[in-house]
Amino acid sequence: MNSYIRELQDVIRRLHGVESKHVQRVPVKEIFQGKTVWEGIVEVFELAGHPKAPRVYAWSHDTNDPKKPKRHVTVLPVAPILSAEAAVKAAIVQEFKSLEPTEES
């Protein structure tokens, strides 16, 4: 697990430009219309000197893309995202939005 935490800290440093300290693991199970759409552990990190947030929620998951077999997710707790559960919901919504076809003019 320590290598996983270090991996997430590297992602946090790269994406947010600050150092982090692991403080908590939160199990999350997201259910939509009676079906589990995501289940896993969200890692919570305190951020040192971030201008917008004192902490970040982070996790990774496997993908079906052989070029990028793993996807890392980080979510800053900015209202209304104030919990690990809300971070997962926001990430799921964002992922589905990125899959929607866009209209071309």
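The values are calculated or read from the model by the stated rules, or taken from the named source; none is laboratory data. On a predicted model such as this, the values are computed, not experimentally measured, just so you know. Please note: Cβ atoms are built from the backbone with ideal geometry, for glycine as well, and neighbour counts cover all protein chains shown.
Tabulated data for the structure shown
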{"item": "Qualifying residue in segment 82-97 (condition: more than 15 Å from the chain's Cα centre (by Cα) and either surrounded by fewer than 16 Cβ atoms within 10 Å (Cβ to Cβ) or not small (Gly, Ala, Ser) (or both))", "result": "yes"}
{"item": "Subset of segment 29-55 that is out of contact with any Ser or Thr (no Cβ under 8 Å at 6 or more places or on another chain) and within 16 Å of HIS72 (Cβ to Cβ) - its residue that is surrounded by the most Cβ atoms within 10 Å (Cβ to Cβ)", "result": "GLU43"}
{"item": "Condition check for VAL23: surrounded by fewer than 14 Cβ atoms within 10 Å (Cβ to Cβ), of a type in the set (A, V, I, L, M) and at pLDDT below 95", "result": "no"}
